[in-house]
Each structure stands twice: as C-alpha cells, then as structure tokens.
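Q: Take this structure first; my questions come after.
The values are calculated or read from the model by the stated rules, or taken from the named source; none is laboratory data. This one's a predicted model, so the numbers in the text were calculated from it and none came from an experiment. Cβ placement follows ideal geometry from the backbone for every residue including glycine, while neighbour counts extend to all protein chains displayed.
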Amino acid sequence: MRIESFLKQSPVFQVNRTARRMDSALATVLAGEDLSVFEAMVLVAVFFEKRGEIKPSELAEAFQTTRGNVSHCISSLESKGLVERRIDPEDARGVRLVLKPFGRRRAVRVVAILDSVQRQIEELIGEKPLESMLSRLQQVDTLCTQLAHTAQRHRSAR
C-alpha cells in the first residue's frame, strides 16, 4: 500500500500501531488468566499499593481513563472474586478497592507474566536503549498533553 511509507515515518501512527499490537499480544498472553489487559493492569496496580488498597479515582487518573471505565473493570474483577470494594474510612461517600486472597495470588502470577514480557523486550532492545525510549515516550506524552490543553483553550476562546 502507498500509505505504508507514510505510516512508518509518522510517530503518531507508529506509536498507535505499536500500542494496538502490544495490547493484542498482551491479551493473548493473559488469556489463560481470564483477564483483559486493563483488568490485569488494575489488579497489578492494587497489588503494588503500599496499603494494599486504592481509590477508583486514583486508578482512573493513573491510567488516563474515565471513572466509568474503571468502574466497569472493578465490577468485572469483583464478579471474578479478585477484588472487593470497601467504604473509605476517611470519606464514607467513597470506596477503596482491595484485593481478595485469590486476587492477590492472581496478581502475583500477572506480575510474573508482565516481568517476563519486559525481560524479553529488554533482551531485544537492550536496557539502556529501552530506558531512553521510555524517556522519549514520556516527552511525547507531555507534548501531547500540552497540545490537547492548547486546543481546548482555543475552542473555549471562540
């Protein structure tokens, strides 16, 4: 296709394409755990919290998604017996997400799977180049955030 050379030279399309491929590959790798990629990430996020619990709004912020998406994910994880919602002791209007024992065991397996994937990427790319790539991606992320804020300001100024 004629568009292929353009796509290969465009950071926007290349990053998007790679993200979709990574998501698809992780979904296949995680299929044996009966988890979507997002469910696995949420499970791991709760697992790594110092208190062993997290607010859904913190997950939404960390994963740059809506509270609705997080709520659907939590409902799915609850139905699988992996997490439970508890009333926030600091704010009775809020909830905290906590791993159940089965969820903790599943999270440990998912961490091992993700570590294995990361080791393979590090072996392919090399540790230092991977660090550099992640740093560059963070710079691109920051630029994209700035572009979005600028576009929003221009729209609201009209």
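Q: Quick one: is Gln139 exposed (fewer than 11 other Cβ atoms within 10 Å of the Cβ) and assigned to a helix (DSSP H, G or I)?
A: Working: exposed (fewer than 11 other Cβ atoms within 10 Å of the Cβ): yes; assigned to a helix (DSSP H, G or I): yes.
In short, yes.
Q: So which residues in the range 108-158 are without any contact (Cβ under 8 Å) to a residue 24 or more places away in the chain and basic (Lys, Arg), if there are any at all? Walk me through how you get there before you give the answer.
A: Pass one, the range 108-158, residues without any contact (Cβ under 8 Å) to a residue 24 or more places away in the chain: 112, 115-116, 118-136, 138-139, 141-158.
Within the range 108-158, Arg119, Lys128, Arg136, Arg153, Arg155, Arg158 qualify.
Q: Among the residues of the range 23-39, which ones are of a type outside the set (Phe, Trp, Tyr), part of a helix (DSSP H, G or I), within 17 Å of Ser76 (Cα to Cα) and without any contact (Cβ under 8 Å) to a residue 60 or more places away in the chain? Can you show your working first?
A: Going residue by residue through the range 23-39, those that are of a type outside the set (Phe, Trp, Tyr) are 23-37, 39.
Narrowing the set further to residues that are part of a helix (DSSP H, G or I) leaves 23-33, 37, 39.
Those still in the list that are within 17 Å of Ser76 (Cα to Cα) too: 27, 30-33, 37, 39.
Across the range 23-39, the qualifying residues are Ala27, Ala31, Gly32, Val37, Glu39.
Q: Sticking with this one: Looking at Leu114, Leu134 in this structure, which one is surrounded by 11 or more Cβ atoms within 10 Å (Cβ to Cβ) and either hydrophobic (A, V, I, L, M, F, W, C) or more than 18 Å from the chain's Cα centre (by Cα) (or both)? Break it down into steps so the answer makes sense when it comes.
A: Numbers: Leu134 fails: surrounded by 11 or more Cβ atoms within 10 Å (Cβ to Cβ).
After applying the criteria, what remains is Leu114.
Q: Kindly establish whether Val42 is in a helix (DSSP H, G or I), at pLDDT below 95 and aliphatic (A, V, I, L, M). Step through it out loud before you land on a result.
A: On the way: in a helix (DSSP H, G or I): yes; at pLDDT below 95: no; aliphatic (A, V, I, L, M): yes.
Against the criterion (in a helix (DSSP H, G or I), at pLDDT below 95 and aliphatic (A, V, I, L, M)), Val42 does not qualify.
Q: Follow-up. Here's a check for you: in the range 77-95, which residue that is more than 21 Å from the chain's Cα centre (by Cα) and part of a strand (DSSP E or B) is surrounded by the fewest Cβ atoms within 10 Å (Cβ to Cβ)?
A: Arg93
Q: Would you tally the residues in the range 96-124 being within 17 Å of Asp23 (Cβ to Cβ) and of a type in the set (Asp, Glu)?
A: 0
Q: Within the range 96-108, work out how many residues are assigned to a strand (DSSP E or B) and surrounded by fewer than 18 Cβ atoms within 10 Å (Cβ to Cβ).
A: Count: 1.
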